[in-house]
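Enquirer: Submitted below is the structure of interest, expressed as structure tokens.
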């Protein structure tokens, strides 16, 4: 059942992401052509500000999902009901807190951004704020589906509503060119999506409708709160790492530069969502697996996930490096290109994010947040310190180099100590060898593919080169590898069943 659910989750995640991203690219191209690059910059900037505000979710979702694994496995409905009630109350408080804190930022907006377009900056910001708060209303039951390894239901609902929201936003752009209405459509469909998932979860779990719910056991509550305390620091690091780039760019380089970077970020985030969520979809299954506490089985599973992650990360990083610039030229125009060094650093950041999923999926599945709770504080100082310093020294690439250096803190400390050694009982020297080999192979494949692509006459040929060369080299290197053979046999069995 665990494998079956994982496959369902992965397939639906991939297909739903593919459809969503196709619509997003059409919508973004129209958005730039109709409203312009400054509006694109505003989208990127306010999204970053609200990413920082999402810090006040406090990691309750992750902590509660972790606690649900055991009770779902044991079919303990009474405890599940108590946890979900606690979850609902927590999210109601969080939504109010985020809204109030968001309002406090309004007087300082003029210090962060200057715009020349005819738009009320404060109204736009409030609409973004309402959109963020709306994601928490009636959203808490989504995590019960995730913890139950039923991500595929969430994926199907999400893709339906993404089609509706993107379709409606495209129509608004074409017929009204009204930015306010464009943002309002998103709010409406966020609320409708959450209500739909709420109804589906209740139907699959009728006991959730019971009015007779016991107070949450003090021991469980204490465990949730202790993990939340640790996750606050982790969330802080994530908010600073992913939520301050556009803010710094806006303050030092202006909103137009934010708009230019946002286009690159769209492409990289699109590819990241398409592939990183394939592994993230396994988190509930990993949580279920770790309950068994079998280190060798855990390591074998990690090996398979890491191998798949590395193949995807190497292949897609190569594609991003080769195809991003020609794609932007075709998609929105050559005038929206940034320097090559920016692209190099962004691709390295992307590779790191995809590769870290191999460890994060186990770290989250095992609930390892308390043990390394001080590491994120180091990451915050590294990220802000180096981003600001390097931004002043070398400009735009410096922001992203600061982000890359921040990520390295986990690679040199958290992952080897708490996952590789802690969960798998393996030597750190083996971890270092694995990471080094992966990096060397990545660099060799990117260089070979880039040198061949120099002679490409057009974008279509470049796509073929990017698809064939990296995968062919990876095949030559790993054709006798046990993990490669595992996936090959898995594909053969799936084909036979079809």
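Quick note: the coordinates plus some simple rules give every number you see, no bench work behind them. Not measured: the values here are computed from a predicted model. Please note: Cβ atoms are built from the backbone with ideal geometry, for glycine as well, and neighbour counts cover all protein chains shown.
Enquirer: Is the shape of region 85-186 rounded, prolate or oblate, going by the alpha carbon gyration tensor and its root eigenvalues a ≥ b ≥ c, with a/c under 1.5 for rounded and a/b larger than b/c for prolate?
Expert: Oblate, because a/c is 1.5 or more while a/b does not exceed b/c.
Enquirer: Quick one: if you stick a label point 7 Å off each Cα along the C-beta vector at residue 211 and residue 436, how many nm between them?
Expert: 6.7 nm
Enquirer: For region 318-395, rounded, prolate or oblate, judged on the Cα gyration tensor with a ≥ b ≥ c (square roots of eigenvalues), a/c < 1.5 rounded, else prolate if a/b > b/c?
Expert: oblate
Enquirer: While we're on this one: With a cut-off of 8 Å between alpha carbons and a minimum separation of six or more residues, what is the relative contact order of region 292-498 in percent?
Expert: Once normalised by length, the contact order is 27 percent.
Enquirer: Starting from the eigenvalues of the Cα gyration tensor, five times each then square-rooted, give me the equivalent ellipsoid semi-axes of region 359-456, largest first, whole Å.
Expert: Numbers: eigenvalues 163, 109, 20 Å².
Computed over region 359-456, the values are 29, 23, 10 Å.
Enquirer: Moving on. How high is the relative contact order of the chain, in percent, counting Cα pairs under 8 Å that sit 6 or more residues apart?
Expert: Numbers: 565 pairs, mean separation 104.0, N = 498.
Answer for the chain is 21 percent.
Enquirer: Still on this model: For the pair residue 374 and residue 178, how long in nm is the line joining their label points, each one 7 Å along Cα→Cβ?
Expert: Using points 7 Å along Cα→Cβ, the separation is 5.5 nm.
Enquirer: Given N residues in the chain, what is its alpha carbon radius of gyration divided by 2.2 N^0.38 Å?
Expert: 0.98
Enquirer: Please compute, for the alpha-carbon atoms of region 1-254, the extent along each of the three principal axes and give them in descending order in Å.
Expert: 58, 35, 31
Enquirer: Can you compute the helix-only [θ] at 222 nm over the chain? Use -39500 (n - 2.57) per DSSP H run of at least 4 residues, normalise by all residues, nearest 500 deg cm²/dmol.
Expert: Roughly -27500 deg cm²/dmol at 222 nm, from the helical runs in the chain.
Enquirer: Still on this structure, I have one more. Using Cβ counts within 10 Å as a stand-in for footprinting exposure, how do 210, 372 rank, fewest first? Could the numbers behind the result be given before it?
Expert: Working: 210 10, 372 22.
Starting with the residue having the fewest Cβ neighbours, the order is 210, 372.
Enquirer: Among rounded, prolate and oblate, which fits region 292-498 when a ≥ b ≥ c are the square roots of the eigenvalues of its C-alpha gyration tensor, a/c under 1.5 means rounded, and a/b larger than b/c means prolate?
Expert: In terms of gyration-tensor shape, oblate.
Enquirer: Where in region 119-144 does the label zone of residue 106 land, with the point 7 angstrom along Cα→C-beta and an amide N cut-off under 16 Å?
Expert: Only 120-133 pass the distance filter.
Enquirer: Along Cα→Cβ, 7 Å out, is where each label goes; now give me the distance between the ones at residue 76 and residue 163 in nm to one decimal.
Expert: For the pair residue 76/residue 163, the computed spacing is 4.1 nm.
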